[in-house]
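Structure first, then comments.
Laboratory data are not the source of any read-out in this text; all were calculated from the coordinates shown. Just so we're clear, the structure is a prediction, and the values are computed from it rather than from any experiment.
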Amino acid sequence: INRDRLPTGDEIHAVSRLEIRNVSKDHDGNYVCGVDTTNRFLSDSKELKMTLRVQYKPRFDEKTPAHIWVSEEAVQQGGPLSVNISCIVYADP
């Protein structure tokens, strides 16, 4: 249908939707729908800005270690021993 002509001689440009298959969190973001109307009588353009927010279940950061080891030598030294354990989780909401 694009580039076809109306009886008035005006071109037809029709793209009315965006279909995203297998939506993932990587599709999160801003999208713009725009239209330009130009014929021999008028010229106008409009745009609509939209934000797509994809919700997803919690998942752990791939770099989060499953095991943390403290050497026996460090424990035997008898001094203060500190261990930092971080748990990073991504989710929306």
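Once C-alpha pairs closer than 8 Å and six or more residues apart are averaged by separation and normalised to the residue number of segment 4-92, the relative contact order reads 24 percent. Within straight-line reach of residue 63, meaning a Cα separation under 28 Å, sit the following lysines at least 8 residues removed in sequence or on another chain: 25.
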